[in-house]
Structure formats: C-alpha cells, structure tokens
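Each remark here refers to the structure printed beneath this line.
The values are calculated or read from the model by the stated rules, or taken from the named source; none is laboratory data. Note that this is a predicted model, so its numbers are computed, not measured. Backbone-built Cβ (ideal geometry, glycine too); neighbour counts: all protein chains shown. The area values use the complete protein model at the heavy-atom level, side chains included, leaving out ligands, DNA and RNA. Shrake-Rupley method; radii C 1.70, N 1.55, O 1.52, S 1.80 Å.
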Amino acid sequence: MSRIGVFTCHCGENIGATVDCVKVAEMCKDIPGVVHSVEYKYMCSDPGQRQMQEAIKEHKLDGVVVAACSPRMHEPTFRRAAGDAGINPYMCEMANLREHCSWVHEKGEATTQKAADLIRVLVEKVKHNEPLHPIKVPVTRTAMVIGGGVGGIQVALDIANGGHKVVLVEKSPSIGGHMSQLSETFPTLDCSQCILTPRMVEAAQHPNITLMTYSEVEKVDGFIGNFKVTVRKKARKLDEHLCTGCGLCIQKCPNKKISDEFNEGLGTRTAIYVPFPQAVPNKPVIDTLNCTYYKTGKCKVCEKMCPTNAIRFDQEDELVTLDIGAIVLATGFKLMKTDAFPEYGYGKHKDIIDGMQFERLASASGPTSGVMKRPSDGRSPETVVFIACSGSRDRAKGVPYCSKICCMYTAKHAMLYKHKVHSGKAYVFYMDIRAAGKDYDEFVRRAIEEDEVKYIRGRVSKIYEEDGKLIVMGADTLMGGEPVVIKADMVVLATAVQSNDRSEELAQTLHVSYDSYGFFAEAHPKLRPVETNTAGIFLAGACQAPRDIPETVAQASGAAAKVVGLFSNEELTREPIVAVVNRQAAPVYSTCVGCFICQGACPYQAIEQEEIMARSGEVIMTLARINPGLCQGCGTCVATCRTKAIDLQGFSNEQLYAELMTL
Amino acid sequence: MEAVIQRAKELLEQGEVKAVLGYAKGTGSARRPHFARQAGQLDKLVMDEACVQNLAVYVTKHEVKKLGKVAVVALPVTQRAILQLMAERQLRDGSLAILAVDDGAVKELDSASALEEHLALKAQVLNAKDKASLADLEAMDQGQRWAYWQKELSRCMKCYACRNTCPMCYCDHCTMDCNRPQWVPVASHGIGNLEYHMVRTMHLAGRCVECGDCGRACPVGIPVHLLTIGAEETVHELFGQRAGHKAKLDYALSTFKTDDKESFIR
C-alpha cells in the first residue's frame, strides 16, 4: 500500500482566494493511499519545503503530490526537495491548482471540488510512478556560432578566451556583418570599422576559433552537448590555402558592373571579389551567377593573372560534419527595402534611400568615399528629410513592433549629414523619440540643439518627384496637424528591422521556436533571455529582436557565459522523461513488431534498430530501440505505436489509465 | 493458369521455393487458399473470378515463414499488401517469389523494387460497389452517418474475423488483447464495439490496401471494409499517398516534416 503525502499550497491569494484549501486538504485525507495531507500559504518557500521534507521522513512517505502552481514553474523545486528528503525525486508530482483551477474558475464549491479531483488524479498517478534516474550524457566542448557579425564575433571571442574551441560559421565571404557597413556609431560617433576590424582580426587569429566563411548550416542532429552539425562550405572557386589575397584577380576581372551588396547597390564590384577591402579572410570568391566564364564558358582572366594558381573553376561545395556541444545563433537582421512603400514611390526614386544606404554614402570606405552625393545625379543634397518609423510600428506593413535602433541612427544620420554639408538643412519626421540608453537622449538633444536638425513630430503621407526635387508632404502634429511640405534633395527612410532571410528555415533545422515575425524565441523573456527552448542552443543579438550594438554585444557575452558554463561540466544530466520500448522474456522479447513506423514519426531521429540474436548469432527479431540521449520525451512515437509497445517514462499507459479511471 | 502451374512446378522441382500458395476450390463456389508443397499438389490450383482473398495474410505467419521461400499466386491486392509488408519490414525483400497474374500472363517478381515498378504501371481502382457505398455514406450528414454506424456496429460480436483476415493486422500482440491496462472493453457492447472499430480504422488509415477482405470475413455482414477503405481514400486525398505502392515506408500519418502545411507542427 502506498504512503502518499498531499501538500496543498495557497499560493498566497492565487489559489487560496478561489479554492478552499483547508477543505481540500481535509478531503484529500480520505483518498485511499494518502496518509498525510496539509495545506500551507507558500509551499515553495523555505518553511513550506521543510514541512514537506519533515513529513516525508516522519510519515515514511513513498510518494508526494504537491498541489500548487504549474509544474513548469516549481516541479524542479519540489522534486529536488523530495530528493533531499530521501525519496526518488520522480515520486513527487504536482497537481496544478493554479492554472488549471483557481485562475480559470470563480470561487465556489465546484471549484474546491475540482481542486480535490485534480489531486485525486495525481495521487493515482503517483501510485503507479516508478523511481527514475537522471540520464548522463557526455559533452563535446566545442561551440558553434552561427553568424559572424559583431554579436557572433563577440560570442566566439568570449568562448575562445574561456578556453574552449569555437567554430564561427558565416554565410557571406567575410565576417563583420552589418556593423562593417556602418560609417560611425551612436552615441559616440566613433568609426565603426575602426572598432570592429581589430575584433575581426582577433577572431581570425585566435587559436581556439575556426572560421568558416561562405558557409551555411545545412543540418543539425543530436542534442545538447552532442550535436552533429553539417555545414555546407560553398565553393569560393579558389584554393584558400594558395590564395594570398593579393587582389590582382579583382583588378583584372573584366566584369566590373555588378551591383555591390556591401554598398547596398550604390556601387559596383567585379565578378571575383572580396566584399570590402578589410574583409576577413581577405580571400576573394567568384560570383558564379555573374562571372563571364560561368555564363559563356570563356574568359578565365583571373586564372591567368593569379600568381599562385589558386583559381579552381571546378571546385564544388563541400559538406562538413562537425561534433558540437553548444550552438549560439547570432544571425542578425535585415532592413525592409524602400520598395515596400507605395506612398514613397515603391523605391523607384533613386534619391529615396534606406538607412543602410545612407551609412554607405557617409562612410569613408563607401562608394563616394564619404562625400555626400545623392545617388541620382551625384549632386550634394541641400535639403535632406529623414523619416523615422518607416514601416515600424505600422500594422499595415505587418510590423507592429518598434525597430528600436532607428531613433538613434536617424539622429546620427542627421548629424553626420550636417557635419558634411554645413549649409544643408536636415529634417526628421518622427512619431516618438525613443532614446533610452546611456548617453542616448543627450545624443539626440545634441542633434537638435547643436547641429540644428529640425525635428517634426508627424508622419509623411506622400513623396513625389517634381523638377528634380522630392516633394515631401507631411503633417506637424504638435502644430495641430498643420500640413508641412518640404522640397528635399534626398529622403532617408529609417526602414523597419526584420528577421533575416531564411531565419524560419534555420529555426526549423535547429528545432528552435520563433515568433510570427521570424525572430527566434527566447526561453523566458525576462529570466532566460539568451537561451532557446531547445537545450544547448543560445541566442545573441538581432536574430531575437531588434537590437543595437551595445545590447548585441552584451547579449553575446551573456550567451558565451552560458556556453562556458555548460562546458564546465564533464557530463550533463538529463531528465529521464524519455520513451522506452518494452522488453519481455523470451520467446516474446517485446510487443514491438518492428514495423518502424515510429522511426518516421520521431522528430529527433532517436529511434534505432536493435537486433535480438540467438546464441548461434541468428537474428530472431529486429526491434525498435530509443536512444535516451536523443529522445526529448515528446511522446509522438507512443501515439503512433499500434501495439502500445512504447511507453513514456513518467507518463506511462498505466499511469494515464489510472488517472482517468479515478475520475 | 497452366502457365502459372508450369512455372510453379519448375520452382518447386528446382527447389527454389518450398511451397506455392494459391487458390483451390472450396465449398460450393467459394475458393480457399492452397499450399502446394509437392509438384503433385499443384493440379488443384485454380484462378477465376471467385478468387478474391488477399493471400498476403498467410505469408507473415510464423508457420509459413518457417517453410522458407514461398511462391505466391498474387492478384494486385496481394501484391500491394506484400509490398506494404516489405516496407513495414514484416517480410524480407526477396523472401517470396511473386507470381503476378493480373495481366493474364504470368509475371515473376522477386523483389520489392520489381513489385513497386510493376504496381506503378497501373492505377489502383476501387470496385464500383464499394465506390457507390462510400458515396452513399459521404452523402449522409454527420448525424445520419453516426446513426448508420451505431446501428451496424451494434451487431458486432467481437469475433475479430475482420482483424484476423487482414494482411496488415500482423501484430503478434494486438492492442485489443492488451489488458494491462484494458483501454478497450472486450465484451461486445455499444461503446466497446465502436472503440474497437475506430482503433482498427485508425490503425489501417494510410496502410489499408483496399482488398475488402475484412468486410467479406464478417459473419454478420457489417460492411467494416468501408471504414478502412474510406479512411485510406481520405489519406490519399489529403496527402497523395497510397499504401502498398512504395518499397520504402511512406506512411502519411507518422511522417514528421518541417514543411507540413499545418502550422502547429512547427
């Protein structure tokens, strides 16, 4: 006969105000198998837990039901306490009186009765519980960082400095990300490249960091501590070991009119190229879509020019599989393009540009070498209008959220413009100025007060072209909605920050949750901001939500700390809530018939084949076996198995049946 | 039929197969399965319109497997069942010599890939009677359909003939016989009957080869085959997959795909 203790918690007012906990505790005493039932204001508090532990010892309890909040909240707490008191932690179960009862019902007799019923169900379950033991798995102490922007670089450096190996995977030919494209950074106006490129070099030279540029993650198998990641190394079409980065091939490439991604389409590049002169690694790639040789079969100028014979036209993509212990996602963001705005001319006016294009115009390494020239005719713009919240906080554009960085970079843009064109006029249309951050508001005030940027609170309804000028029609809502018309030479849209291309695909590859905008979801918005719901996968930077550089770097260091913490263990302990295929004595062996339909249903590739052999070595049966290291306990295979040969530990068929039948 | 017998004789005499499974005359106009282990027993084999049973149900039995390689006179339904059984790893590829008799001529198929190729050549067509019955059921509203099955299934006496005749119901330990815990009551009564047939239907949805043997086996004439065939047709409609057409397991209801059209799976 079981000796079960029931501990009912008031959760302050949360449960106590709706459920008569004293009565519930009284009612539970009558459940067969229950030898002890008490209630307490805060069961999770230290005195509450102590009360439970003492009762376990005093009444020789072999099972415990804590009737309190969601097991998601405090199951680990109570299981630990039960374990400390000497019983198997998995003999402790929680009845969720808060989310399943008090929060969803009015105060009343029926609510109290339901609370007692919920406990009764769990008491039946505990009677069928079996002691379970945590699963130990080894940890591969190599981290993979996906995305080589400032966030990814920071994560990689921090983990590498912590003494662990890091593989930094970047899809473009160079690390650096968006930050390498920026001119200056707010709120200090220090040069972006000057602070970033030394970090890029440091990452490339660090003995613990392996750079994999021009590479993409193709497949991820395994689980925390034991991932198997397949990376596609896209063919650069040259031998990286032979290439010295002399750049002769780039100079001689006859195909020079290709729109330059790094300069956001404002400049041109060759078919064999490095994205920017400070690229790391400084090894070119051949753009096979635009290269004359790949289009016509003739040319090969680069091959002829190369002093080290490094060009390999027949090079193929390479798939590399790596053993990885933890993964950090730092895949960044993309900006909404100007063609998403019908009211601003669908992107057809060359002088309506987005924020990143402005960065390139203002950058000393940009297509104009930092001289302010408008894209259409190269004249110096005398009047520039900046429009903040272009697309952001706009449900009609599908972006209800704030892009967070635009208020600051718009102020920065207006300042940079004023610093370069002293006679120019800068106008900023804004909805609100959100400049929360160290020295941020001071920075915006400086733009307004010292650099005389004219801030107009209001939206721009339309922009059209007239006599080489852009007519910006807006309203000033602080002047009673008075219409404002500005004849501008150039308009800069602070377009919305969006999740990166293919982020959903990557999330699915990694089994990571994501929100409806494609940003990766953190495990808890406040308390676990750098972790995902998939153990061993962490987040840094704008792939989670719009972020600026200081926040990205801070989060990157946070993620790195998590990884280093994980790697400080030799083995990991996992919950034993895994599926198990039953085994029986010969000649039955198992009720599994070996149809392996479960194998296709398993999202984690956890189901393997096991051969039952006779002494002669003859295979008697081939049965399914579930790898406890890979199994996540989702239970899909249990539902799929026709012979009910699979049981989920802690949620077995018999337990569920007993729970249902007691109602 | 002579050609089949001739080939079977060769196979038996050369020792390539240990037995030949086909049809023989049974009581009245019925046909029964016939195992010929010697060439002399082959004369009894017949092949006519009355040969309808899916012989694949026998080849998974331990007694038959123990014989060694067996030749099976196989109608398209039998071929589909054998291919599905191979995909579900209940039959080893190459453990049977399949004498396909669907084109008049005999075609010998001895591997899953040969079966797959052979079956891909022709479309699977549902017989007119079952098609009409399914259309009638489809035309009913939900209430009428519920009442229809309640009434039909109330006659079920849980003899499990439908299960035992089904080539795809090969589990040694059927979940219906599981009594720890006993989810489905054994006794023949309303809810228990309904549960049994619902479980059977779900277990065959996406796996049913549409032979209709379950319906023919029912001693009280419940058209239970309409349940499984109906479910199979629905799976085909929704996922474009059919049981018994692929050598590699292609089971719509247990395949995890990240690009599933339902958003909950992501």
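The residue of region A:496-515 that is farthest from A:Y401 (Cα to Cα), among those that are among the aliphatic types (A, V, I, L, M) and touching a residue at least 24 places away in the same chain (Cβ under 8 Å), is A:L510.
For region A:111-128, state whether one or more residues are in contact with a Gly (Cβ under 8 Å, 6 or more places away or on another chain), crowded, with 24+ Cβ neighbours inside 10 Å and part of a loop (DSSP other than H, G, I, E, B). No. From the list B:V184, B:V235, B:V220, the one residue that fits, being assigned to a loop (DSSP other than H, G, I, E, B), β-branched (V, I, T), open to solvent by less than 60 Å² (accessible area, probe 1.4 Å) and more than 13 Å from chain A (Cβ to nearest Cβ), is B:V220. Go over the candidates A:T197, A:T188, A:T210 one by one and state the one that is in contact (Cβ under 8 Å) with a residue 24 or more places away in the chain, in a loop (DSSP other than H, G, I, E, B) and surrounded by fewer than 21 Cβ atoms within 10 Å (Cβ to Cβ). Result of the check over A:T197, A:T188, A:T210: A:T188. Tell me, yes or no, whether region A:584-604 has at least one residue that is away from chain B (no Cβ under 14 Å) and under 29 Å from B:T255 (Cβ atoms). The answer is no; no qualifying residue exists. Out of curiosity, is A:V530 within 14 Å of chain B (Cβ to nearest Cβ) and under 23 Å from A:E575 (Cβ atoms)? Here the answer is no, as A:V530 does not meet what is asked.
Sub-7 Å Cβ pairs linking a first residue in region A:53-82 that is over 17 Å from A:K41 (Cβ atoms) and open to solvent by 20 Å² or more (accessible area, probe 1.4 Å) to a second residue that is assigned to a strand (DSSP E or B) and small (G, A, S), at least 6 apart or interchain, are A:H59/A:G5, ordered by first then second residue. Say we look at region A:308-347 and pick out the residues that are within 24 Å of A:D501 (Cα to Cα) and without any contact (Cβ under 8 Å) to a residue 60 or more places away in the chain; which of these is surrounded by the most Cβ atoms within 10 Å (Cβ to Cβ)? That would be A:G347.
Number of residues in region A:1-42 that are part of a strand (DSSP E or B), hydroxyl-bearing (S, T, Y) and more than 21 Å from A:K127 (Cβ to Cβ): the value is 1.
All of A:R374, A:R393 fail the test of being more than 20 Å from A:G541 (Cβ to Cβ) and surrounded by fewer than 21 Cβ atoms within 10 Å (Cβ to Cβ), apart from A:R393. When region B:7-38 is filtered for residues that are of a type in the set (S, T, Y) and within 21 Å of the chain's Cα centre (by Cα), only B:Y23 remains. Can A:T197 be described as in contact with an Asp or Glu (Cβ under 9 Å, 6 or more places away or on another chain) and among the β-branched types (V, I, T)? So A:T197 does not fit the description; no. Under the condition of being in a strand (DSSP E or B) and not β-branched (V, I, T), the residues counted in region A:132-185 number 7.
When A:D20, A:D30 are checked against the criterion of being open to solvent by 10 Å² or more (accessible area, probe 1.4 Å) and either touching a residue at least 24 places away in the same chain (Cβ under 8 Å) or within 18 Å of A:L132 (Cα to Cα) (or both), A:D20 stands alone in meeting it. Output yes when any residue across region A:135-142 is open to solvent by 20 Å² or more (accessible area, probe 1.4 Å) and within 30 Å of A:L656 (Cβ to Cβ), and no when none is. Yes: region A:135-142 contains one or more residues that are open to solvent by 20 Å² or more (accessible area, probe 1.4 Å) and within 30 Å of A:L656 (Cβ to Cβ). Here A:K256 meets each of (1) of a type in the set (D, E, K, R); (2) touching a strand residue (DSSP E or B) at 6+ places or on another chain (Cβ under 8 Å); (3) in contact (Cβ under 8 Å) with a residue 40 or more places away in the chain with one exception, condition (3). Go through region A:503-521 and give me each residue that's away from chain B (no Cβ under 13 Å) and open to solvent by 50 Å² or more (accessible area, probe 1.4 Å). Of everything in region A:503-521, just one residue is away from chain B (no Cβ under 13 Å) and open to solvent by 50 Å² or more (accessible area, probe 1.4 Å), namely A:Y517. Go over the candidates A:N569, A:N533 one by one and state the one that is open to solvent by 10 Å² or more (accessible area, probe 1.4 Å), closer than 30 Å to A:C406 by Cβ and assigned to a loop (DSSP other than H, G, I, E, B). Within the list A:N569, A:N533, the selection yields A:N533.
Scanning region A:622-633 for residues that are within 12 Å of another protein chain (Cβ to nearest Cβ) and surrounded by fewer than 17 Cβ atoms within 10 Å (Cβ to Cβ) yields one hit, A:T622.
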